[in-house]
1. Any residue in segment 327-346 that is more than 22 Å from Tyr256 (Cβ to Cβ) and buried (at least 21 other Cβ atoms within 10 Å of the Cβ)?
2. Select from segment 245-263 the residues that are modelled with pLDDT of 50 or more, farther than 30 Å from Tyr134 by Cα and surrounded by fewer than 21 Cβ atoms within 10 Å (Cβ to Cβ) and list them in ascending order.
3. Assess whether Leu100 counts as being at pLDDT 95 or above, surrounded by 16 or more Cβ atoms within 10 Å (Cβ to Cβ) and within 26 Å of the chain's Cα centre (by Cα).
4. Looking only at segment 327-348, which residues are acidic (Asp, Glu) and part of a strand (DSSP E or B)?
5. Mind counting the residues in segment 27-51 that are over 19 Å from Tyr327 (Cα atoms), touching a Ser or Thr at 6+ places or on another chain (Cβ under 9 Å) and assigned to a strand (DSSP E or B)?
6. Just checking, how many residues over segment 38-50 are at pLDDT 95 or above and in contact with a helix residue (DSSP H, G or I) (Cβ under 9 Å, 6 or more places away or on another chain)?
7. Which residues, counting only those in segment 306-326, are in a loop (DSSP other than H, G, I, E, B) and surrounded by 13 or more Cβ atoms within 10 Å (Cβ to Cβ)?
8. Just give me the residues in segment 158-168 being of a type outside the set (D, E, K, R) and not in a helix (DSSP H, G or I), in sequence order.
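The values are calculated or read from the model by the stated rules, or taken from the named source; none is laboratory data. Since we're looking at a predicted model, the values are computed, not measured. Please note: Cβ atoms are built from the backbone with ideal geometry, for glycine as well, and neighbour counts cover all protein chains shown.
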Amino acid sequence: MKYLILQNPGHNRVYYKEAAQLAVSELSIASKRLSVKCTDVGIQEVAGVRYITLTCDDELSSQDITVLSRLSFVFAIFNQFGLHAEDGLLPISLEVCEYLDSKISTIQKYAGKTNELFTKMMVNVALLASDYNYDDDIRLLDPVAGRGTTLNEATVYGFSAFGIEIEQKSVHENQIFFKKHLQNERLKFVADKRMVYGKNKKEAIYMHEFEYANSKEVFKNKEERKQLGLICGNSQDADKYFKKNCFNLIVGDLPYGIAHGNTGANKSTTGTRNPSELVESCLPAWKSVLKKGGTIVLAWNSFVLSRLKLAEVFATSGFKVLDAKPYQGFEHMVDKSIKRDIIVAKKI
């Protein structure tokens, strides 16, 4: 059986030519979760339109279609009948997998915002590479949360999401935005502010936390509510803010050192373009709060730090860096000063 997948056109705004390879890599990782054996993932043009192809030894199940429907690049799926795509393509209904409306990721516009489809891809790769499933009670941490694109994508999937951000302004804006979004969508929620660390008010670190649900009926059951939490603090203290083994996924887009520098443990290096010190200083805390079988997925500017060097940092901290072919297919140019890549590391 052969399937052709039409890419989401929004994926092509920044890096049209390279988006196909990113899609192939994401699909190759997802194919390991399907109920049928997949023999080939590739790229094919039909009447001048580019498709991502998936060849399987049997028909995809409804559960398989659900897995594919979640992928960041998927706009439409077709089943090819006949020997050639020109013979005919039968459209397949996608599964809607949104806990909150996906517009929560698209309505915010600001300089330096990460493409929300790229962010969605990182969340997918983290989940698919982990020992967990979409139906599990997933808790995600973004340790460099910025204005919250990763957190917003996590809420679309119904994950409980928490972010640490060192800039107070970004935390405040994120808090205001999420509250306003819940109000505009007329969703039930409760908001709270509590101290999570510090001996006194001067040293206090606070969590701005929302409990919410996508319906009044679900909200009535406290156990079924989702959470979104925001902390203005230092990510290397994540284990002081959260309990051990409380997150399934850690996903973050590291500062590229262009508009924002990386702040590590050494104050003298604040603003450096090299993220290695930031990651090295934070990994002990991140490892403590990550569950066994959980994954860390980070995007970074490979112009300033090689994949090999970053992988060594993770390996030294006891992580298994996933370096099979699909996991090395995400590097792409963003602009002349940024070549973006992602690294996937698993706690074993």
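1. Taking segment 327-346 and keeping what is more than 22 Å from Tyr256 (Cβ to Cβ), we get 346.
Within this subset, residues satisfying the condition of being buried (at least 21 other Cβ atoms within 10 Å of the Cβ) are none.
No, that holds for no residue.
2. Going residue by residue through segment 245-263, those that are modelled with pLDDT of 50 or more are 245-257, 262-263.
Going one step further and asking which of them are farther than 30 Å from Tyr134 by Cα, we end up with 257, 262-263.
Gly257 - this is the single residue of segment 245-263 that is modelled with pLDDT of 50 or more, farther than 30 Å from Tyr134 by Cα and surrounded by fewer than 21 Cβ atoms within 10 Å (Cβ to Cβ).
3. Numbers: at pLDDT 95 or above: yes; surrounded by 16 or more Cβ atoms within 10 Å (Cβ to Cβ): yes; within 26 Å of the chain's Cα centre (by Cα): yes.
Yes; evaluated as a whole, the condition is true for this residue.
4. Of all residues in segment 327-348, those acidic (Asp, Glu) come to 331, 335, 341.
Hits for segment 327-348 are Asp335, Asp341.
5. 1
6. Residues in segment 38-50 being at pLDDT 95 or above and in contact with a helix residue (DSSP H, G or I) (Cβ under 9 Å, 6 or more places away or on another chain): 4 in total.
7. Start the filter on segment 306-326 by keeping residues that are in a loop (DSSP other than H, G, I, E, B), which leaves 306, 317-318, 322-324.
Residues satisfying the conditions are Ser317, Leu322, Asp323.
8. Of all residues in segment 158-168, those of a type outside the set (D, E, K, R) come to 158-164, 166, 168.
Within segment 158-168, Gly158, Phe159, Ser160, Ala161, Phe162, Gly163, Ile164, Ile166 qualify.
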